[in-house]
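Every number in this text was worked out from the coordinates using simple rules, so none of it is lab data. No experiment lies behind these values; they were computed from the predicted model shown.
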Amino acid sequence: MQSYRRAQTSQSEAVTLGRILPIVETVEWIEKLASTSGVEDIQLRIKDTSDYATVLDRIKSAQSICQRSGVRLWINDHWKAAIEAGGCFGIHLGQEDLASCVDFGGLDEIRAAGLAFGVSTHSYSELAVALGVRPSYISLGPVFPTSSKDVKFYPQG
């Protein structure tokens, strides 16, 4: 497993994700997966609360586990809390959260914090928007149908 390191956010430098990227909703799942062979990145996707203090506490706990295990922690959507928590590797934003982040000057804050930055896309128009903000990586999909969340787009695969 590679050593824990901060993102390199040079405009020309891309991030290479691990072979698998588990996306989980709890710190307990991070605890289980952080020591799993082959897991280099984990994304924490907190959707059951919007309470900032709770989100911040979970991110800090997850970050501590990932740092001990040499796993890079990505935070889904909660960019302000990820920056405040410190030590996270990157932020992943969906389209709605990307718009909000841009409106509040968040992209500059993410880059100033040295965090990698990923964006979800579901169409050519969303891909064009994502390319315009120069993220570290772009996620395309859905590739296959999913039941894990309500998706308003047809599979792209």
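How many percent of all Cα-Cα pairs in the chain sit more than 25 Å apart?
Values: 3163 of 12246 pairs.
Summing the P(r) of the chain above 25 Å gives 26 percent of all pairs.
Normalised by residue number, the volume inside the convex hull of the Cα atoms of the stretch 84-157 is 108 Å³ per residue. For the pair the stretch 110-147 / the stretch 23-65, the C-alpha centres are spaced 20 Å from each other.
One equal scatterer on each Cα of the stretch 63-118, no solvent, Debye formula: the resulting log10 I(q)/I(0) at q = 0.19 Å⁻¹ is -0.58. Can you tell me what percent of all Cα-Cα pairs in the stretch 9-101 are more than 24 Å apart? Roughly 16 percent, rounded to a whole number.
Pairs of lysine residues in the chain that meet both criteria, 8 or more places apart or on different chains and Cα atoms under 20 Å apart, total 7.
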